[in-house]
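Asker: Structure incoming, see below.
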Amino acid sequence: MRKFLVVLDDSRECLNAMRFAAMRAAHTGAGVTILSIIPPDEFQHWIGVGDIMREEARERIVAHFEVFAKWMRDRQGVDPELVIREGEAVPEILAQVREDSSIGVLVLGAGSDKAGPGPLVLAMTRSAGSLPIPVTIVPGEMSKERLEAVT
């Protein structure tokens, strides 16, 4: 089964990327993989403290994931899977794509403020020509109705 890969982070635009991935998956019989990446600099403390912080970060990610997963299951009939990786975002996304051959599309949310679409969108579009899969960029300000219409 083909899967949509979507990145879970704390950005506002992440919500629209999640919605888009779930709706497309529901309409095409695909699955959704939600990838959350813990940056390495979060745990540069003493070993014990770093381990506790890592576990707390994982707990926050799982709680955040469960909110999206419940909506996907209840509203779209899609049961997403969660993958948590540690490292820098772009290399970890590329590693996930390489390791899971069923991933067919990367879905990213683009910010709409003056700062631009966001560092992840900028970095991934720079690499788009060499990616093994297409990238779908979903505007963060796109309405639910418009998302439904295009999926």
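Just so it is clear, none of the values below were taken in a lab; they were calculated from the coordinates. Small disclaimer: the values here were computed from a predicted structure and weren't measured. Reconstructed Cβ throughout: ideal geometry from the backbone, glycine too, with neighbour counts over all protein chains shown.
Asker: Within segment 41-52, does at least one residue satisfy the condition of being in a loop (DSSP other than H, G, I, E, B) and either hydrophobic (A, V, I, L, M, F, W, C) or surrounded by 11 or more Cβ atoms within 10 Å (Cβ to Cβ) (or both)?
Answerer: For segment 41-52, residues in a loop (DSSP other than H, G, I, E, B) and either hydrophobic (A, V, I, L, M, F, W, C) or surrounded by 11 or more Cβ atoms within 10 Å (Cβ to Cβ) (or both): present.
Asker: Select from segment 128-151 the residues that are small (Gly, Ala, Ser), in a loop (DSSP other than H, G, I, E, B) and over 17 Å from the mean Cα position of the chain (by Cα) and list them in ascending order.
Answerer: Ser143
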